[in-house]
Amino acid sequence: MADSMIRIGIDTGGTFTDVVAVVTDAGGGPPRRISTKTPSTPADPSIAFLRGVTLALERLGAGPADVESVRHGTTVATNHLLQGAVSSIGLITTEGYESILEIARQSVPDGYGNSYFWVKPPRIVPADLVRTVGGRLDPGGREIRPFDDDSAVAAVRFLRERGVAAIGVCLLHSYADDAHERALERIVRREYPQAVLSLSSRVLPEYREYERAMTTLVDAAVKPAVAQYVSTIQRRLDELDPGRRLPFSIMRSNGGVLSAAEVVEQPISTVLSGPAAGVLGAAEIAARAGCDSVVTCDGGGTSTDVAVVRAGRASVTTDAAVGSFPVRVPMVDVVTVGAGGGSIAWASPEGTLKVGPRSAGADPGPACYGRGGTEPTVTDAALLLGRIPPHLLGGGVPLDAGAARSAIGRVAGDLGLDPETCAGGILEIFAWNQANALRRITTGRGLDVRDFPLVTFGGSGSLLACRLLDLLGAPAVLVPPDPGNVSAYGLLTVDVRCDDVRTWVARDDDLDLPALAGAFDALAATTRESLRREGFGNGAGRVQRVADLRYLGQAYEVGLDCPDGAVTRDWADAVVRGFHDAHRARYGYDFRGRPDQPVEWVNLRTAGTGPVQRPPIPEIDDGTGEIEPLGRRRVRFDGWVEAVVVDRSSLGAGDVVDGPAVVQEFGSTVPVHPGYRARVDRFANLLLERA
């Protein structure tokens, strides 16, 4: 393959590691794309990663020298936090603010009706590992009291003597001037060079001390794990091709990628990044099919991730949390529920059937995998009812229907049900769990879910696509080809992205326009330097200005893109008009034209983008209209029926499959319920609609 180069995307999931490789012909020939899967290795995800690279190269008949780049989506940082592996962290903050983590915020999950029962979660740093230093800045960055070197040395030595491995630093108002944090950094490097260190002025230079402190501590907590994981993969890639260092990038939560070397210094940017690639890949596929605004539903082995795409762009938020930890970094707005193919069904003490959030994962997996699992899962229920074939991955994973029946039978017996009825209940609850997540991301955001087609993907995302149409009233469901690998494909469609932010509070009716322009220019220069390090110098990248605005007295802001051009009064007025529009769209009202409700500028941001060539989506040949089924099998929907079994790869554009049917392919299965039909478009997508 001397005249071709290969780009590989690898997405590590809880059950399978998905691989997509795209081959670009330097001679101008059409690109080729292959997809494959391999079981994940939770004990060491890098094993499945390297196996995925090797499988892709073997299928292409290529070697490591043909690889142009490797991109990776990982949940290492997220899992590290969700599993509570955040011990041995210390916090150094400003004298008098040692209780910042304890005070936190007054908000209570699920509203104030829960305030009597809610117990505040454990602190990320115990009280005895919080130390303070002297010195003080005001909100404008002016020094009120000088930095106290002696107290800083004492704080660092205290944490060193107690074996604290990671230190987060959050000094008051360091977002306005980082001089005191830099002075403390020099002391840490001198007194305790082995410590992992995160400074709030670099991680999140925004006001709101609690969120800034928590985000900085989360960064410090995951930095060792991410650094070790990335270095392990880089070492394995170096062993694969000793002659050179393969370009290796990692997906970030903001919807872009960044080189692995940069990610090690910004590990917080990978938290909750796992689902982002799938959302962006689905958005690209849907846009090509003529659907710019969709709701995505990514069903995996452990969870389902849902998101909204409007006018071709995924929604981005800076107000998110991982478990009980608030994280204020830009990330694709995704709602996650514990509903996947490996979700475990169980009987509650009250005698009701429950599904999830516990999952059988990849090891041991569902009972039908025959790897020692004994608890019934969604996959076991689908197998028992004939919704999926007796094997997965083209025969690579044989399934044991007897083990599935035995596992479901134990729960069914506790509930006084027969196994088939219990299996139907498991799938129904699974569908409702997914539907409720889809309502949260739409109805909960002021959107009507009936206005959006669904894009379902992932190994279990399309298993109940027809039932989701019933529950939500959506117009249609689009199932991409090879839906289990959409997230890995999405890794090859996203641009390099760099984000920078600073707090800059000013009322719009008293705006210092030259100062505003200077602040944006300084941010843009930092972002352009980040793009240059990623290979997008000399104007190759684009920098978008973003501002967070609010009405005076509000607690939270609305972010919006700013127009290009010089910062003038007319420019600022255009931004404010956009804020009024965005506020009305989100909250249903605005204070446009109300001098008693002035607008306040709060945060300035720059988003730098380094564009990459997206793999083309090929068109397929027209179908004959004559469907040649693989055969028939009994499938239970509302009752048992004889369903046609169709090989998806045999379908052409314009072909229609009427339910009851099961459309099978290598990594996924799409049951077509009675009363529904699946139509194939020219890009090989299945469009599910009511017949």
Treating only the Cβ of Lys, Arg, Asp and Glu as charged (+1, +1, -1, -1), what charge dipole size does the chain show about its Cα centre? Round to the nearest 20 debye.
580 debye
When N is the residue count of the range 123-193, what does its C-alpha Rg come to as a fraction of 2.2 N^0.38 Å?
1.11
Heavy atoms of F683: accessible area, 1.4 Å probe, square angstrom to 10
10 Å²
Using a 10 Å cut-off on Cβ atoms, rank the peptides 311-318, 177-184, 478-485 from the highest mean neighbour count down.
478-485, 177-184, 311-318
Which whole-percent values make up P(r) of the range 503-653 when all C-alpha to C-alpha distances are grouped in 5 Å steps starting at zero?
2, 7, 13, 13, 10, 8, 6, 5, 5, 6, 8, 8, 6, 3, 1
Leaving out ligands, DNA and RNA, what percent of the accessible area of the range 181-329 is carbon and sulfur, probe 1.4 Å?
48 percent
Given points 7 Å out from each Cα along the Cα-Cβ axis, report the E689 to Y589 separation in nanometres with one decimal.
4.2 nm
Based on a Kirkwood Rh over C-alpha pairs, give the Stokes-Einstein translational diffusion coefficient of the range 55-97 at 25 °C and viscosity 0.890 mPa s in µm²/s.
162 µm²/s
Provide, for q = 0.35 Å⁻¹, the log10 of I(q)/I(0) from a solvent-free Debye sum over equal Cα point scatterers in the range 178-218.
-1.14
Which semi-axis lengths, in whole Å and largest first, follow from the square roots of five times the eigenvalues of the Cα gyration tensor of the range 440-525?
42, 21, 9
In whole Å, what are the Cα extents of the range 505-558 along the three principal axes, biggest one first?
43, 24, 12
In µm²/s, what is D for the range 435-477 at 4 °C and 1.567 mPa s, where D = kT/(6 pi eta Rh) by Stokes-Einstein and Rh is the Kirkwood radius from Cα pairs?
124 µm²/s
Length gained if E428 through S649 is fully extended, taking 0.36 nm per residue and subtracting the Cα-Cα distance, is 76.7 nm
Once Rh is set to the Kirkwood radius over Cα pairs, what Stokes-Einstein translational diffusion coefficient, in µm²/s, holds for the chain at a temperature of 10 °C and a viscosity of 1.306 mPa s?
59 µm²/s
How big is the equivalent ellipsoid of the range 239-307 along its three axes, where each semi-axis is √(5λ) from the Cα gyration tensor, reported in whole Å from largest to smallest?
28, 15, 12
Which whole-number value in Å² is the accessible area per residue of the chain, probe 1.4 Å?
41 Å²
Net lengthening on full extension, A506/R157 (0.36 nm per residue, minus Cα-Cα):
121.6 nm
Considering only the chain, what is the antiparallel percent among its DSSP beta bridges, to the nearest 5?
75 percent
Pairwise over distinct Cα atoms, reciprocal of the mean inverse distance: report the Kirkwood radius of the range 532-606 in Å, one decimal place.
13.7 Å
For the range 313-413, count the residues as N, evaluate 2.2 N^0.38 Å, and divide the Cα radius of gyration by that value, please.
1.35
Taking the range 381-494, the equivalent ellipsoid from its C-alpha gyration tensor has semi-axes in Å, biggest first, of 29, 21, 10
Which order, highest average first, do 270-277, 636-643 follow once you tally other Cβ atoms within 10 Å for each residue and take the mean per peptide?
270-277, 636-643
FRET efficiency for M5 and N538 from the Cβ-Cβ distance with R0 = 25 Å, rounded to 0.05, comes out at 0.65
Could you tell me the calculated FRET efficiency between D448 and D658, based on Cβ-Cβ distance and R0 = 30 angstrom, to the nearest 0.05?
0.55
By per-residue mean of other Cβ atoms within 10 Å, what is the highest-first order of 567-580, 460-473?
460-473, 567-580
Mind checking which lysines have their C-alpha under 27 Å from K120, skipping anything on the same chain fewer than 8 residues away?
K223, K354
At a threshold of 8 angstrom on Cα-Cα distance, excluding pairs fewer than six apart, so keeping six or more, what relative contact order does the range 276-384 reach in percent?
20 percent
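The values are calculated or read from the model by the stated rules, or taken from the named source; none is laboratory data. Here the structure is a predicted model, which is why all the values come from computation and not from measurement. Glycine also receives a Cβ, built like all others from the backbone with ideal geometry; neighbour counts cover every protein chain displayed. To get the accessible areas, we keep the full protein, side chains included, count just its heavy atoms, and leave off ligands, DNA and RNA. Shrake-Rupley method; radii C 1.70, N 1.55, O 1.52, S 1.80 Å.
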